[in-house]
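Contents: one structure, followed by commentary.
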Amino acid sequence: MQIRQSVHSEHARQMGTEELRKHFLVEDTFAADHCSMTYSHVDRIIFGGIMPVEQTLSFAPELGHSLGVDYLLQRRELGLINIAGAGVITVDGNEYEVGPREALYIGQGARDVSFSSVDPAKPAKFYYNSAPAHTAYPTRKITLEEAAPVTLGDAASSNRRTIYKYIVPDVLPTCQLLMGLTQLEPGSLWNTMPCHTHERRMEVYFYFDMNADTAVFHMMGEPQQTRHLLVHNEQAVISPSWSIHSGVGTQSYTFIWGMVGENQVFNDMDHVAVRDLR
């Protein structure tokens, strides 16, 4: 488990490329028969990728001990979205087949959780977010059709995109975790522009559906102190509440967003006009 400490906005202003990447970018998310995990001090989010191929994977018991509890989800909830082949997730003896672009919410208190692929030749890739929780809500699978879609933007602004809200109050109850997927249409390059911050929540972006010759310039920093990170396929960016989180790609792409914090109001954003950015 990697640990990323919080960074003050004034400290971030002084950082060069390598420091920004060290603190905010997670480059390695998926590897065969491996579960990656990053723990951020920003609102205590945990995120990573699980890619079972020949093996069935599960969270090691000692992960709970490193969090001061008996097992990982004793005081946590977890959401995941599958971005590859069909997989099976077993939660305390109950099996859920989770196909491509399907999600699973796992409530607080789930003790035995394991992950496998239906076909090792087409392995699943489960990208997950986990947040502290105070109430046990039911574990539930969410299909793409059940996610709440919103299409925004236009071709003239190069930001025509559809936001699929999988884990939001309109779909199912959670303690604080929000999670969804945004897919840009061919020819569109910008996400979340005009941009915003949200003082009451942090966010993690995970970019995918990109080939080796493409990249996203992820914009971050305070609105009047902007910086950027060059992000490649299947990499994630930690966005503190003081930072904008926007990006432009060399081609269209898809990303998963996850938020934790004070509320679950999707539209609770502090908008920033393009003319005010620096």
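Here are some notes:
- Per residue of the chain, the DSSP helices (runs of n ≥ 4 H) give a summed -39500 (n - 2.57) that works out to -1500 deg cm²/dmol at 222 nm.
- Cα extents of the stretch 1-138 along the three principal axes, largest first (Å): 48, 35, 25
- Packing order of peptides 250-259, 50-59, highest average first: 250-259, 50-59 (average count of other Cβ atoms within 10 Å over each peptide's residues).
- Dividing the Cα radius of gyration of the stretch 88-167 by 2.2 N^0.38 Å, with N the residue count, gives 1.35.
- For the chain, the spread of Cα positions along each principal axis, largest first, Å: 54, 39, 35
- Shape category assigned to the stretch 1-47 from the gyration tensor of Cα positions, a/c cut at 1.5: oblate
- For the stretch 128-278, the calculated P(r), taken from all Cα-Cα distances in 10 Å bins from zero up to the bin holding the longest distance, is 11, 40, 38, 11, 1 percent.
Coordinate-derived values only; no laboratory data. Values in this document were obtained by computation on a predicted structure and should not be read as measured data. Cβ coordinates were reconstructed from backbone atoms using ideal geometry, including for glycine residues, and neighbour counts include every protein chain displayed.
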